[in-house]
1. So, of the residues in segment A:50-76 that are closer than 22 Å to B:GLN46 by Cα and at the interface with chain B (Cβ under 7 Å from one of its Cβ atoms), which turns out to be modelled with the highest pLDDT?
2. In contact (Cβ under 8 Å) with a residue 12 or more places away in the chain and either within 9 Å of the chain's Cα centre (by Cα) or surrounded by 22 or more Cβ atoms within 10 Å (Cβ to Cβ) (or both): is that true of B:VAL160 in this structure?
3. Just to check your reading of the model, which residue among B:ALA132, B:ALA136 is more than 14 Å from chain A (Cβ to nearest Cβ) and either under 27 Å from B:THR165 (Cβ atoms) or of a type in the set (D, E, K, R) (or both)?
4. Tell me yes or no: at least one residue of segment B:31-43 is surrounded by fewer than 19 Cβ atoms within 10 Å (Cβ to Cβ), at pLDDT 90 or above and of a type in the set (D, E, K, R).
5. So, in segment B:48-73, how many residues would count as being closer than 17 Å to B:TRP111 by Cβ and buried (at least 19 other Cβ atoms within 10 Å of the Cβ)?
6. Please tell me if B:ARG112 is touching a residue at least 40 places away in the same chain (Cβ under 8 Å), under 17 Å from A:ASP55 (Cβ atoms) and within 12 Å of chain A (Cβ to nearest Cβ).
7. Examine segment B:87-96 for a residue that is away from chain A (no Cβ under 12 Å), over 17 Å from the mean Cα position of the chain (by Cα), over 17 Å from A:THR34 (Cβ atoms) and of a type outside the set (Val, Ile, Thr), and state whether such a residue exists.
Amino acid sequence: MYDDIREILRVHGRLPIDAGTLDIDEDLYRSGMTSHASVNVMLALEDTFDIEFPDALLRKATFESISSISQALISLGVPTPARTS
Amino acid sequence: MTSQADGRFGSLAAGYAELVDVTDVHALLASSRAGDSDVVVGTDVQEIAAVEAALRSHPVAYLARVFTAHEQACVGLPGALGPSVAAGLAGRFAAKEAMVKVLRAGSAVPWRDIEIARRPEGWCTVELSGPAARAAAAARLTSWTLSFSHDGPVAVATVVALRQTRTI
């Protein structure tokens with residue numbers, strides 16, 4: 001799951017750094033992701049994992065780190081990843 | 001005689017006059033001068049091309065996740081996705097982010113709980129619900145006003161709010 005999230009961040013996150021180097025708890029907004037880019041990340045996550053974010057998760061906080069994204073995906077039924085950074 | 005401070009506030013109000021109800025701004029500034037409140041400002045800028053790209057890639061999901069039905073209607077949706085639609089949505093997204101900055105609520109507010117509402121007179125206001133409304137109450141914001149515009153590749157928005165500083 002983390003590799004999939006990093007790939008989505010690489011394509012849609014418009015980060016000024018390599019998403020592959022990010023720690024799972026690193027703040028993506030402080031790393032340069034804009035608020036609107038987080039919307040694109042959210043849409044790509046829905047495509048990749050075939051899920052739909054409910055209203056309660058449609059907020060910037062859901063997408064502020066790889067870890068928070070992972071937790072949101074798990075809450076939506078996506079299998080838990082092995083914890084690697 | 002107009003004091004230096006009055007002149008400065010008057011200029012600020014005039015600067016917002018074209019897109020917001022100028023009486024709102026005067027009321028905000030008058031209250032601030034009375035010492036009961038201080039002024040909080042949030043500004044955000046949004047690239048219009050990024051909105052166009054999201055509309056092309058995920059037209060239904062993008063609109064449904066971020067914008068209310070009223071906001072979509074204000075830019076002419078449902079209908080053709082022309083340049084004015086993306087510009088209008090970019091302005092509204094910038095306005096939501098400007099309000100988030102004023103709320104000092106970090107990233108905990110859902111986008112659709114901040115609605116950019118067009119009034120019959122033509123200007124827009126910010127309507128809050130759910131966690132956004134609770135954040136405004138927690139921040140002791142008593143009123144706020146909005147201006148947003150777009151030109152060329154970007155849209156920009158500013159929210160000016162009053163925060164109560166004295167318990168009455």
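1. If we take residues in segment A:50-76 being closer than 22 Å to B:GLN46 by Cα and at the interface with chain B (Cβ under 7 Å from one of its Cβ atoms), then A:GLU64 is modelled with the highest pLDDT.
2. Yes: the conditions hold for B:VAL160.
3. After applying the criteria, what remains is B:ALA136.
4. The answer is yes, given that some residue of segment B:31-43 is surrounded by fewer than 19 Cβ atoms within 10 Å (Cβ to Cβ), at pLDDT 90 or above and of a type in the set (D, E, K, R).
5. Summing the residues that are closer than 17 Å to B:TRP111 by Cβ and buried (at least 19 other Cβ atoms within 10 Å of the Cβ) in segment B:48-73 gives 12.
6. Numbers: touching a residue at least 40 places away in the same chain (Cβ under 8 Å): yes; under 17 Å from A:ASP55 (Cβ atoms): yes; within 12 Å of chain A (Cβ to nearest Cβ): yes.
Here the answer is yes, as B:ARG112 does meet what is asked.
7. no
Yes/no per residue for (1) in contact (Cβ under 8 Å) with a residue 40 or more places away in the chain; (2) away from every other protein chain (no Cβ under 14 Å); (3) touching a Pro at 6+ places or on another chain (Cβ under 6 Å); (4) part of a helix (DSSP H, G or I):
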| residue | (1), (2), (3), (4) |
| --- | --- |
| A:ASP3 | no, yes, no, yes |
| A:ARG6 | yes, yes, no, yes |
| A:GLY20 | no, yes, no, yes |
| A:LEU28 | no, no, no, no |
| A:MET33 | no, no, no, no |
| A:HIS36 | no, no, no, yes |
| A:MET42 | no, no, no, yes |
| A:THR48 | yes, no, no, yes |
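The values are calculated or read from the model by the stated rules, or taken from the named source; none is laboratory data. Keep in mind that this is a model prediction, so the values were computed, not measured. With ideal geometry, Cβ positions are generated from the backbone for all residues, glycine too; neighbour counts draw on all protein chains shown.
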